[in-house]
Each structure stands twice: as structure tokens, then as C-alpha cells.
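K.L.:
Quick one: this structure, given as C-alpha cells, is what I'll be asking you about.
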Amino acid sequence: MRISFLLHNAYTFGGTIRSTFNLAAALAVHHDVEIVSVLRYRETPAMGAPPGVRLAHLVDLRRNSAHYDGDDPRHAQPARVFPRADGRHRQYSRLTDERIGSHLSRLETDVIVGTRPGLNVHIARQAHPAAIRVGQEHLTLSGHGRRMRHEIRHRYPLLDALTTVTEADAHAYRQLGLPDVRVQAIANSVPATAARPAEHTGKVVVAAGRLIPVKRYDLLIKAFADVVASHPDWQLRIFGRGDTTGNERNSLATLIDNLELNRHVFLNDHVGALETELAKASIAVSASDR
């Protein structure tokens, strides 16, 4: 089959990007697969391009590119098709509306897959009717605000299928009332690893993800202060990068200093493969709000 994924930004770090890359690479073993990134900010994907998968983009925001779109007047006008209720709305514009619509109208594929609510709405409204239209939910229905849930209830009936990462969320979507949409729970895929499993002897707790407030590393560090009080031989190792300002990293570093945890809590830059670090640890933890 010909399968096309529509992704917000394939060139940065993120869980949705990683899970989409994993799935696309697995499908590419037997199918013709492409990932179309709405936005492009850099030359190469920060997480590495998935093998066997074509990668394209719709709006070029690389300032040194001959095809830079940031000066297009439509880029400064707010999007109309991409819903305002989607948290990424500020990054979308009249230009993205037009580029996505044009792409979907001429796309010859068997299956088109959206990877966030705003893009699922685009696919529901604009994808060629001959293609199977699949929306993916990488968060949860309850994690969306009232306006986004209203948009979902209004637009998603035009989809053919919707996938969630848990059965509980699939149940929530079925209760929403999407009569002709197949709702299926499909957990995020994880590639097989050659790394040895953890032996549970290392006195290490590991956490990984972008250094952004929603990941609640502040909460995790404060909790670990209680751990250290009873188990001073344990360490917390956090792997991840923040935004270009470094504000969140600086804030976390200050918190570590204030709690006198410098010998116990360590902030590490993102590593491409975490298998080796996980093997050193005995506990993996997430404190994320979502």
C-alpha cells in the first residue's frame, strides 16, 4: 500500500515524532511510506530519519534556505482550517492552510494518517475521498479542552478510523458518538533492541524527555529529595534537551542547587538511544502532567 503520514514537525524532538518514525519504518518494510512534515526548521531530522521512508515538507522555515517561506505574507495571518482549539494553532497560518489543503487534494495514496487533532481535522475536511483517512490520538480525549472536544465531535465523523494509545481512551472516543468511525487502540510501537536488559542492581532512577514544564521534572526532583534522605546512595539521571533559551534547564539546575542534590541528581543532554542508560538503572519514571 501507499501510506502517507502528516506530521507537525519531523525535524525536532518529541514523543509523537518518535512513535511516528517507529511506525513508519516498520510499515516501510512491506509498503510505500512517506512522512510529510508541515513545518521544516532545520536541515536534517534531530531524531534521525526513519529508514526506508521518504521525508517531505510543506512550509520551509530555514532562514538560509532558498525556499524560505517565513517572509510570505500569508505566514503572518492566522490559520482558518487548522482549529484554534489545537495548542499548536499559533504555529499555523493561512499559508499552512493552503499548503496542507493543496497537498491533500492532490495526494495519491491509499491511506493518509494524521498525528494530532488539528491535522486530523485537515484530513477529515480535505483529504481525497478515495484515500482511507486515519486520525491518531497521541494524548487523550480528556486532555483536550472543551473547544477541541467540540471540534473533534463535529469533524471526526468524516474520518474512516481513529487510533488511540490505550483501550481506556478508545472507550472514551466510542462514547463520544462517532458512528461510522472505527476506533481502535494501538499502543505505540518500540523497535527491538540489542542492548541487554537492566539487572536491577544499579541504584539509579532514570527519566527522559524534553526539558519543558509539562514534563514536571521539578516535581520529580523535589520527590527525589525525600528519596535521598533515606537512600543517599541512589541517583536520579534526567536525559533531555530544552528549548533554545535554556530557561527550563536553568530553573531545574537552580532547584537542584537549592535542594543540595548536586551529588544525586544529574541533567544530561539527550542521547540518541537510551537503551544503554536504561540498562544501568533499576527504575524508569515519568512525572509528566500528560
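The values are calculated or read from the model by the stated rules, or taken from the named source; none is laboratory data. Bear in mind that the values here come from a model prediction, so they are computed numbers and not experimental data. No Cβ is skipped: glycine too gets one built from the backbone with ideal geometry, and neighbour counts run over all protein chains shown. Just so you know, the surface numbers come from the protein's heavy atoms only, side chains and all, with ligands and any DNA or RNA stripped out. Shrake-Rupley method; radii C 1.70, N 1.55, O 1.52, S 1.80 Å.
K.L.:
What is the packing order of peptides 104-117, 253-266, taking the mean over residues of other C-beta atoms within 10 Å and listing the highest first? Display every interim value, and only then the final one.
P.N.:
Working: 104-117: 19.4, 253-266: 14.5.
Descending mean neighbour count gives 104-117, 253-266.
K.L.:
Counting only helical runs of four or more DSSP H residues, what would the 222 nm mean residue ellipticity of the chain come to if each run contributes -39,500 (n - 2.57) and the total is spread over all its residues?
P.N.:
-9000 deg cm²/dmol
K.L.:
With the Cα gyration tensor of the stretch 67-151 giving a ≥ b ≥ c as the square roots of its eigenvalues, does the rule (a/c under 1.5 for rounded; else a/b larger than b/c for prolate; else oblate) give rounded, prolate or oblate?
P.N.:
Numbers: a/c = 2.23, a/b = 1.08, b/c = 2.06.
Cα axes put the stretch 67-151 in the oblate bin.
K.L.:
First select every other residue whose beta carbon is under 14 angstrom from the beta carbon of residue 63; then total the charges, Lys and Arg +1, Asp and Glu -1.
P.N.:
Counting the neighbours of residue 63, the net charge comes to -2.
K.L.:
Let me ask something else about it. Rounded if a/c is under 1.5, else prolate if a/b beats b/c, else oblate: with a ≥ b ≥ c from the C-alpha gyration tensor eigenvalues square-rooted, which is the stretch 204-284?
P.N.:
Oblate is the answer for the stretch 204-284, as a/c is 1.5 or above yet b/c matches or exceeds a/b.
K.L.:
Counting only heavy atoms of protein chains, what accessible area per residue, in Å², does the stretch 151-270 have with a probe of 1.4 Å?
P.N.:
60
K.L.:
I would also like to ask the following. Running a GNM on the chain with Cα contacts under 10 Å, which residue among 161, 56, 66 ends up with the highest mean-square fluctuation?
P.N.:
The residue that fluctuates most here is 66.
K.L.:
Of the listed peptides 48-54, 245-251, 195-201, what is their order by residue-averaged count of other C-beta atoms within 10 Å, with the highest listed first?
P.N.:
The peptides rank, most packed first, as 48-54, 245-251, 195-201.
K.L.:
What's the carbon and sulfur percent of the stretch 2-185's accessible surface, probe 1.4 angstrom, rounded to a whole number?
P.N.:
On the stretch 2-185, the fraction of accessible area on carbon and sulfur atoms equals 48 percent.
K.L.:
Shifting gears a bit: Computed from the coordinates I sent, Cα extents along the principal axes in Å equals one of [x] 71, 46, 43; [y] 61, 43, 39; [z] 59, 49, 34. Tell me the label.
P.N.:
[y]
K.L.:
While we're on this one: In whole Hz, with x marking every Gly and Pro, tabulate ³J(HN,Hα) for the stretch 180-191 from phi via Karplus 6.51 cos²θ - 1.76 cosθ + 1.60, θ = phi - 60°.
P.N.:
9, 9, 6, 10, 9, 7, 9, 5, 4, 7, 10, x
K.L.:
How large a share of the accessible area of the stretch 229-290, in percent, is made up of carbon and sulfur atoms when the probe is 1.4 Å and the other protein chains stay in place?
P.N.:
Taking all protein chains in place, the stretch 229-290 shows 47 percent carbon and sulfur surface.
K.L.:
What whole number of Å gives the distance from the Cα centroid of the stretch 46-74 to the Cα centroid of the stretch 221-290?
P.N.:
Taking the Cα centre of the stretch 46-74 as reference, the centre of the stretch 221-290 is 33 Å away.
K.L.:
Follow-up question, since we're still on this one. So who's got an amide H within less than 5 Å of the one on residue 283, skipping anything under 5 residues away but keeping other chains? H placed 1.01 Å off N, in plane.
P.N.:
Residues meeting the amide H criterion: 204, 206.
K.L.:
Still on this structure, please answer the following. I'd like the antiparallel share, as a percent to the nearest 5, of DSSP beta bridges with both residues in the stretch 140-290.
P.N.:
Numbers: 0 of 15 bridges.
Counting only bridges with both partners in the stretch 140-290, antiparallel ones make up about 0 percent.
K.L.:
A further question on this structure: Defining a contact as two alpha carbons under 8 Å apart and six or more residues distant in sequence, what relative contact order in percent does the chain show?
P.N.:
14
K.L.:
Counting only the heavy atoms of the protein chains, how much of residue 219 is accessible to a 1.4 Å probe, in Å² to the nearest 10?
P.N.:
Accessible surface of residue 219 is approximately 90 Å².
K.L.:
Hey, another quick one. Out of 227, 274, 261, whose Cα points farthest toward the positive end of the dipole of the stretch 204-284 (charges: +1 Lys, Arg; -1 Asp, Glu; placed on Cβ)?
P.N.:
274
K.L.:
If you add up the charges near residue 3, with Lys and Arg at +1 and Asp and Glu at -1, over every other residue whose beta carbon is less than 13 angstrom from its beta carbon, what do you get? Mind showing how you got there, number by number?
P.N.:
Details: positive: 2, 54, 133; negative: 32, 34, 108, 110.
In short, -1.
K.L.:
How far is helix 146-155 tilted off the main Cα axis of the chain, in degrees rounded to 10, range 0 to 90?
P.N.:
So the helix axis and the longest Cα principal axis differ by about 40 degrees.
K.L.:
If you don't mind, another one. Specify the angular offset, from 0 to 90 degrees and rounded to the nearest 10, of the alpha carbon long axis of helix 117-126 from the longest principal axis of the alpha carbons in the chain.
P.N.:
10
K.L.:
If you don't mind, another one. Using only the alpha-carbon atoms, how far is helix 15-27 inclined from the longest principal axis of the chain? Give it as 0 to 90 degrees, nearest 10.
P.N.:
The angle comes out at about 60 degrees.
K.L.:
Still on this structure: For residue 233, what is the net charge nearby, where nearby means another residue's Cβ is under 11 Å from its Cβ and Lys, Arg count +1, Asp, Glu -1?
P.N.:
Counting the neighbours of residue 233, the net charge comes to +2.
K.L.:
Starting from the 7 Å offset along Cα-to-Cβ, what nm value, one decimal, do you get for the label separation of residue 46 and residue 110?
P.N.:
3.4
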